[in-house]
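A.B. asks: Dropping the structure in here first, questions after.
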């Protein structure tokens, strides 16, 4: 079956206008016979390049209450809404079929239900968000699972579409992630900023907290590295396989879970975006993002 995936979730037009995100309305028209199927305007059945195979995509937002540095942050109110609602609504503007919150806390579950969101309870013992979404996705009849960080209330929906595009184009890619050009030497040197370098086909060679690549000689001033953004897309079967893999030496050393895939020989496709990520990890981050959201009319 061929066609185009459609955006899922409940999103209002004012939010679309606030984000300036109009690409969802350009080139796509709703199919009145199926609420979960969109067709491409102007696509020719005789031109295979004008169509992409339809794949079912579910975006899962793992959310836990017990954060070490900022407990309860999914429920932190900004611009009149809890943070998890901002993330949910922005995710629903992307070309995904379903948005789901996976949590282990009844307070988060109640908040998601209160704004009309979709939520599932998961085990409280998961060591990572990846394990949580793997549980939530188990048994789902979907092709691709997207792991959306629950502390990204400024997430731009186009970032998810850029992340997913290679997965739509190439069904052999097991896993994808996102990166942003790194132009600040301070960020290059910071261990808090994860860098990634790629091969010429756009697949990750390595992720590191160290400055990579390191120029041994004077160069033209361009850094050449990319700042990794913690958004991931997985083929549904690979997600379950990945969650069963044992942690690896480099993963433990760098404290970077994605290195587990590379060390076990699995490819990670890196899509590059011009949109920067602004996560919330500390009270200072929360104040900064709250002011940004509240300054938007």
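The values are calculated or read from the model by the stated rules, or taken from the named source; none is laboratory data. Since the structure is predicted, the reported quantities are computational estimates derived from the model, not experimental observations. Glycine also receives a Cβ, built like all others from the backbone with ideal geometry; neighbour counts cover every protein chain displayed.
A.B. asks: Do the conditions hold for residue 201, that is, is it without any contact (Cβ under 8 Å) to a residue 24 or more places away in the chain, touching a strand residue (DSSP E or B) at 6+ places or on another chain (Cβ under 9 Å) and surrounded by fewer than 15 Cβ atoms within 10 Å (Cβ to Cβ)?
C.D. replies: Values: without any contact (Cβ under 8 Å) to a residue 24 or more places away in the chain: yes; touching a strand residue (DSSP E or B) at 6+ places or on another chain (Cβ under 9 Å): yes; surrounded by fewer than 15 Cβ atoms within 10 Å (Cβ to Cβ): yes.
Answer is yes for this residue.
A.B. asks: Another one. May I ask you to say which residue of 239, 226 is modelled with pLDDT under 95, closer than 21 Å to residue 148 by Cβ and buried (at least 16 other Cβ atoms within 10 Å of the Cβ)? Quick ask: steps written out before the conclusion?
C.D. replies: Details: 239 fails: modelled with pLDDT under 95.
None of the others qualify; the one that does is 226.
A.B. asks: Kindly check whether there is at least one residue in the stretch 127-134 that is assigned to a loop (DSSP other than H, G, I, E, B) and more than 24 Å from residue 260 (Cα to Cα).
C.D. replies: Here is the first cut: in the stretch 127-134, the ones assigned to a loop (DSSP other than H, G, I, E, B) are 127-128.
The next check asks that each one be more than 24 Å from residue 260 (Cα to Cα); those that pass are none.
Taking every residue of the stretch 127-134 in turn, none turns out to be assigned to a loop (DSSP other than H, G, I, E, B) and more than 24 Å from residue 260 (Cα to Cα).
A.B. asks: Scan 102, 111 and give me the residue that is modelled with pLDDT of 95 or more, under 14 Å from residue 239 (Cβ atoms) and surrounded by 15 or more Cβ atoms within 10 Å (Cβ to Cβ).
C.D. replies: Working: 111 fails: under 14 Å from residue 239 (Cβ atoms).
Exactly one residue qualifies, and that residue is 102.
A.B. asks: Which number in (1) under 19 Å from the mean Cα position of the chain (by Cα); (2) surrounded by fewer than 16 Cβ atoms within 10 Å (Cβ to Cβ) marks the one condition that residue 71 misses?
C.D. replies: (1)
A.B. asks: Of everything in the stretch 136-167, what is in contact with a strand residue (DSSP E or B) (Cβ under 7 Å, 6 or more places away or on another chain) and in a helix (DSSP H, G or I)? Give them in sequence order.
C.D. replies: 136, 137, 159, 160, 162, 163, 164, 165, 166, 167
A.B. asks: How about the stretch 264-283: which of its residues are assigned to a helix (DSSP H, G or I) and surrounded by 14 or more Cβ atoms within 10 Å (Cβ to Cβ)?
C.D. replies: As a first pass, look at the stretch 264-283 and keep what is assigned to a helix (DSSP H, G or I): 283.
Selection gives nothing.
A.B. asks: Note down all Cβ pairs under 6 Å where the first residue falls in the stretch 181-195 and is closer than 14 Å to residue 279 by Cβ, the second is at pLDDT below 90, and they're at least six residues apart or on different chains.
C.D. replies: Qualifying pairs under 6 Å: 193/187.
A.B. asks: Check off (1) modelled with pLDDT of 95 or more; (2) over 30 Å from residue 54 (Cα atoms) for residue 284 and give me the number that stays unchecked.
C.D. replies: Every listed condition holds for residue 284 apart from (1).
A.B. asks: Please go through (1) farther than 19 Å from residue 176 by Cα; (2) over 16 Å from the mean Cα position of the chain (by Cα) for residue 142 and return the number of the only condition it doesn't satisfy.
C.D. replies: Of the numbered conditions (1) farther than 19 Å from residue 176 by Cα; (2) over 16 Å from the mean Cα position of the chain (by Cα), the odd one out for residue 142 is (1).
So that you can scan it fast, the table gives a plain yes or no per residue for (1) part of a helix (DSSP H, G or I); (2) more than 21 Å from residue 60 (Cβ to Cβ); (3) without any contact (Cβ under 8 Å) to a residue 12 or more places away in the chain; (4) out of contact with any helix residue (DSSP H, G or I) (no Cβ under 7 Å at 6 or more places or on another chain):
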position: 214; (1), (2), (3), (4): no, yes, yes, yes
position: 217; (1), (2), (3), (4): no, yes, yes, yes
position: 227; (1), (2), (3), (4): no, yes, no, no
position: 230; (1), (2), (3), (4): no, no, no, yes
position: 251; (1), (2), (3), (4): yes, yes, no, no
position: 257; (1), (2), (3), (4): no, no, no, no
position: 260; (1), (2), (3), (4): yes, no, no, no
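A.B. asks: How about the stretch 107-122: which of its residues are under 14 Å from residue 88 (Cα atoms), more than 20 Å from the chain's Cα centre (by Cα), in contact (Cβ under 8 Å) with a residue 24 or more places away in the chain and assigned to a helix (DSSP H, G or I)?
C.D. replies: 111 - this is the single residue of the stretch 107-122 that is under 14 Å from residue 88 (Cα atoms), more than 20 Å from the chain's Cα centre (by Cα), in contact (Cβ under 8 Å) with a residue 24 or more places away in the chain and assigned to a helix (DSSP H, G or I).
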